[in-house]
Amino acid sequence: MNNASMLSENCQLWLDKFSQHLRVERGLSEHTISNYRRQLTEVAKTLGIQEWAEVTPSDVKRVMGTAKMAGKKANSIALMLSALRTFSQYLIDNQQRTTNPVEGIQAPKQGRPLPKNLTVDAMNQLLADESDEDILCRDQAMFELLYGCGLRLSELTGLNVEDCLSDGTVRVTGKGNKARILPLGKQAQKALTAWLKIRGQHASPYENAVFVSKRRTRISNRQVANRLNAMAMQQNINQKVSPHKLRHSFATHVLESSGDLRAVQELLGHANLSTTQVYTHLDFQHLAKVYDQAHPRAQKKK
């Protein structure tokens with residue numbers, strides 16, 4: 001028996017409506033919607049409720065305590081609270097609740113470790129292969145775009161042919177169906193042009209995706225990640241490489257060179273600057289140099 005079948009009819013009904021709301025009105029991915037459902041299903045199971053209106057602030061604290069005793073990490077508990085808070089507000093908006101039971105309850109403190117980036121030399125090593133083999137030509141274009149434009153994996157696999165604009169830019173659809181136009185660097189444009197010349201030989205006649213698999217249909221996120229791992233091994237990169245690491249490397253390298261956090265925020269498609277600050281970092285020497293040059297107390301007397 002799966003988790004969903006253990007829920008009462010009322011709980012299941014409003015979970016379904018909420019999922020549709022996230023899908024249609026907020027444009028969230030199926031992966032995100034699945035995470036919301038999983039978190040909320042666990043809350044309902046822990047409390048044994050028949051209706052979502054029954055949940056009280058004391059219940060929320062009990063759920064947190066149960067999760068902590070089960071060994072869940074702080075970030076997992078915080079995600080559960082976030083899901084319940086958002087869902088409760090949706091129920092309020094639909095006259096199913098009058099108050100939000102999560103209001104005023106603090107999530108447990110959690111560390112915010114930064115993902116590691118590849119160095120510029122490592123990136124050059126990774127992308128050095130310029131094979132004439134068609135599948136490697138496709139891979140080269142995918143990874144040049146991930147690193148050259150700082151794309152999310154879903155943004156890369158979601159690219160359509162008409163998104164490759166004639167002025168050397170690409171139109172990307174990010175979270176919440178928000179579109180942004182990104183410039184292509186020289187290497188990314190070269191790799192993408194090479195792939196588009198032969199793409200028609202590998203795509204089904206009615207397939208609109210830029211990047212396709214051996215099945216001649218849109219390539220999946222998992223396939224891209226697997227191909228990236230294969231290329232990293234072939235190029236003797238002695239560390240784990242993921243599509244997100246390429247995005248983070250893009251942000252780090254651009255920020256270290258320019259120091260323009262706002263520009264990086266726009267390029268990454270982050271709604272809030274605080275998100276950019278989490279996913280990008282400057283090395284200590286660069287920070288120290290900026291401090292020495294800018295802070296009145298740090299400037300040496302002439």
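Brief remarks on what is shown
- Every residue from region 114-165 that is under 17 Å from Leu267 (Cα atoms) and of a type in the set (Asp, Glu): Glu144, Glu155, Asp163
- Some residue of region 6-29 being open to solvent by 20 Å² or more (accessible area, probe 1.4 Å), without any contact (Cβ under 8 Å) to a residue 12 or more places away in the chain and on the phi > 0 side of the Ramachandran plot: no
- Per-region count, region 33-60, residues in contact with a Leu (Cβ under 7 Å, 6 or more places away or on another chain) and open to solvent by 50 Å² or more (accessible area, probe 1.4 Å): 1
- For Thr193, the stated conditions hold: it is β-branched (Val, Ile, Thr) and without any contact (Cβ under 8 Å) to a residue 24 or more places away in the chain.
Table: residues versus (1) over 26 Å from the mean Cα position of the chain (by Cα); (2) over 22 Å from Asp16 (Cα atoms).
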position: Arg38; (1), (2): no, no
position: Val43; (1), (2): no, no
position: Thr46; (1), (2): yes, no
position: Ala53; (1), (2): yes, no
position: Thr66; (1), (2): yes, yes
position: Ala70; (1), (2): yes, yes
position: Leu79; (1), (2): no, no
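- Residues that are assigned to a helix (DSSP H, G or I) and in contact with a Cys (Cβ under 9 Å, 6 or more places away or on another chain), drawn from region 175-192: Ala188, Ala191, Leu192
- With respect to being in a loop (DSSP other than H, G, I, E, B) and within 25 Å of the chain's Cα centre (by Cα), Ile237 fits the description.
- Every residue from region 200-220 that is over 26 Å from the mean Cα position of the chain (by Cα) and open to solvent by less than 30 Å² (accessible area, probe 1.4 Å): Ala203
- If the condition is being at pLDDT 70 or above and open to solvent by 30 Å² or more (accessible area, probe 1.4 Å), then region 259-268 contributes Arg262, Ala263, Glu266, Leu267.
- Number of the condition not met by Asn75 [criteria: (1) free of Cβ contacts under 8 Å to residues at least 24 places away in the same chain; (2) within 26 Å of the chain's Cα centre (by Cα)]: (1)
- Some residue of region 119-133 being surrounded by fewer than 16 Cβ atoms within 10 Å (Cβ to Cβ) and at pLDDT 90 or above: no
- Beta carbons closer than 6 Å, at least 6 apart along the sequence or on distinct chains, never pair a first residue in region 132-153 that is free of Cβ contacts under 8 Å to residues at least 12 places away in the same chain and closer than 12 Å to Ala188 by Cα with a second that is part of a helix (DSSP H, G or I) and among the acidic types (Asp, Glu).
- Of all residues in region 152-185, those being open to solvent by less than 50 Å² (accessible area, probe 1.4 Å) and hydroxyl-bearing (Ser, Thr, Tyr) number 2.
The values are calculated or read from the model by the stated rules, or taken from the named source; none is laboratory data. Predicted, not measured: the structure shown is a model, and the values here were computed from it. Here Cβ is always computed from backbone atoms with ideal geometry, including for glycine, and neighbour counts include all displayed protein chains. Remember, those area values only see protein heavy atoms, side chains included, never the ligands or the DNA or RNA. Shrake-Rupley method; radii C 1.70, N 1.55, O 1.52, S 1.80 Å.
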